[in-house]
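Quick notes on the structure that follows.
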Amino acid sequence: MRSEVYRNTIPQKFNDLAPLKMVNADLAMFQAYHGIITKLEFQIEDCMEVQDPVSYSIINSVRDGPRIHPLAYDSLRD
């Protein structure tokens, strides 16, 4: 969902009006929160890099793996 080009193709896949309205509402909400979520992701990474550099480096060693969820879980665990 990070790709705006891909997000713009999603509504084209729905012919029925009711699901299309829900999809458009979800996409509008995603767009509204995208900037906030992106800033939050960077803040979590910055905090984790300082608080637990070993775990941070291990998570970053996984190529194309999820980054934010493991970092958030690890920081909440403490």
Within the stretch 49-78, of all residues that are open to solvent by 60 Å² or more (accessible area, probe 1.4 Å), over 20 Å from residue 37 (Cβ atoms) and in a helix (DSSP H, G or I), the one modelled with the lowest pLDDT is 77
Listed by first then second residue, the pairs whose first member lies in the stretch 1-23 and is polar (S, T, N, Q), whose partner is open to solvent by less than 100 Å² (accessible area, probe 1.4 Å) and in a helix (DSSP H, G or I), with beta carbons under 6 Å and at least 6 positions apart or on separate chains, are none
Residue count, the stretch 10-27, condition surrounded by 10 or more Cβ atoms within 10 Å (Cβ to Cβ) and either part of a helix (DSSP H, G or I) or β-branched (Val, Ile, Thr) (or both), comes to 11
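The values are calculated or read from the model by the stated rules, or taken from the named source; none is laboratory data. Computed from a predicted model, the values in this text were never measured in an experiment. For neighbour counting, all protein chains shown are included, and Cβ atoms are generated from backbone atoms with ideal geometry for every residue, glycine included. Surface areas here come from the heavy atoms of the whole protein model, side chains and all, with no ligands, DNA or RNA. Shrake-Rupley method; radii C 1.70, N 1.55, O 1.52, S 1.80 Å.
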